[in-house]
1. Which one of these is open to solvent by less than 50 Å² (accessible area, probe 1.4 Å) and at pLDDT 95 or above: 119, 146, 154?
2. Show me the strands (runs of 3 or more DSSP E) entirely contained within the stretch 193-304 in which 1 or more residues are among the basic types (Lys, Arg) and within 18 Å of residue 161 (Cβ to Cβ).
3. Within the stretch 76-116, count every residue that is within 23 Å of residue 272 (Cα to Cα), surrounded by fewer than 20 Cβ atoms within 10 Å (Cβ to Cβ) and β-branched (Val, Ile, Thr).
4. If residue 264 satisfies all but one of (1) touching a Ser or Thr at 6+ places or on another chain (Cβ under 8 Å); (2) surrounded by 14 or more Cβ atoms within 10 Å (Cβ to Cβ); (3) farther than 20 Å from residue 188 by Cα, what's the number of the condition it fails?
5. Could you tell me which of the residues 208, 273 is touching a Leu at 6+ places or on another chain (Cβ under 7 Å) and either modelled with pLDDT under 95 or over 14 Å from residue 291 (Cβ atoms) (or both)?
6. Return yes when residue 252 is open to solvent by less than 10 Å² (accessible area, probe 1.4 Å), within 14 Å of residue 203 (Cα to Cα) and within 25 Å of the chain's Cα centre (by Cα) and no when it is not.
7. Pairs only if they're at least six apart or on different chains, beta carbon under 6 angstrom, first in the stretch 273-300 and under 15 Å from residue 226 (Cβ atoms), second in a strand (DSSP E or B) and of a type in the set (Gly, Ala, Ser); list them, first residue then second.
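The values are calculated or read from the model by the stated rules, or taken from the named source; none is laboratory data. Note that the structure is predicted; figures quoted are calculated from it, not measured. Don't worry about glycine lacking a Cβ; one is built from the backbone with ideal geometry, like all the others, and counts go over all protein chains shown. Only protein heavy atoms, including side chains, enter the accessible area calculation; ligands, DNA and RNA are left aside. Shrake-Rupley method; radii C 1.70, N 1.55, O 1.52, S 1.80 Å.
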Amino acid sequence: MRRPHPRLLAPAAVLLLATACGTEHADPTDGVGAAVPAPRATVTDPAVDGVRITSVTLPTASPSPSASPGSVHADRLPGDSGISAAYQVSNDGDEAMTYSVIFAFTTDTGAVMGNKKVTVSGVAAGGSRNGNVDLGVLAPGASPVTRVKVAQVTKVPADEAPAETGACPASGLRLWADDGDAAMGLRVVGLHLENCGKRDYALDGYPVLSLLDDDREPVDGIRILHGGAAIAMGTGFDDPPRPLVLKPGETALSGLIWRNTTLAGTAVNVPYVRVLAKPGAAPVTVSPGLDLGTTGKLGVGAWKRADG
């Protein structure tokens, strides 16, 4: 059993886009409005937890009306920035993993102009997967983007990955965590459970939780308390459990509740939580990033119908 410890963030892989290589220009003899492909820069920065950006593209002053050979991306939609990054996810572990990656598009000074989250499912042990992430539309008045970095990487065993969309898991249940809500140091992250199967599913109690560190090893020393009122009143998860049956297509809701108060001692961050809808259920590992401060406790709400 491991003791709680502060989460160590891997250094971000930063890409400097200002000096792109392989730029192509239109032949002026081709006439007005000739295609000008986006410049492309090959990147050799080290990977961040298995995720490496391999190349980046910058927009041209006059976007091409049609893709040209060698360009990195297709035609841009109106208002699209044209900035993108190609990446590779490599799994050097011994089991298939699902990765969630946040790419940050920033200025020279590090100001973030946009974040994009990408999920790469089921990367086989020893295998890799390539993809492309587009910045999309920049907000009006945004500063020029000159850098891209891998801001955050989380990864869970593929057979325990949350499934908000896509094919229904073999268990007949989808379980996932939302982005949560924060106010005055109080944090609440919703746990959603959908019956996507063909049979009714009975619940009566609380999700079963296991807190895991960056290596997905157990973290002890944190008390898991039943009910939101154990942390704060008015969280929406104060009621005791009641029996309920989810028919196919219906959804239940629980919640993780905590405060990130830091006083004396070492603040604790728990990046992963393995969740069982009830004892004996198939495990799902979510990554809410529990910044528990020095409180040493986490509240969990009883399952209730998502529609109230």
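1. 154
2. In the stretch 193-304, 272-276 are the strands (runs of 3 or more DSSP E) which contain 1 or more residues that are among the basic types (Lys, Arg) and within 18 Å of residue 161 (Cβ to Cβ).
3. Total meeting the criteria: 1.
4. (2)
5. 208
6. Criteria met by residue 252.
7. Close Cβ pairs (under 6 Å, with a partner that is in a strand (DSSP E or B) and of a type in the set (Gly, Ala, Ser)) do not exist here.
Residue-wise test of (1) at pLDDT below 95; (2) open to solvent by 30 Å² or more (accessible area, probe 1.4 Å); (3) farther than 30 Å from residue 49 by Cβ; (4) not polar (S, T, N, Q).
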position: 172; (1), (2), (3), (4): no, no, yes, yes
position: 180; (1), (2), (3), (4): yes, yes, no, yes
position: 184; (1), (2), (3), (4): yes, yes, yes, yes
position: 221; (1), (2), (3), (4): yes, yes, no, yes
position: 232; (1), (2), (3), (4): yes, no, yes, yes
position: 236; (1), (2), (3), (4): yes, yes, yes, yes
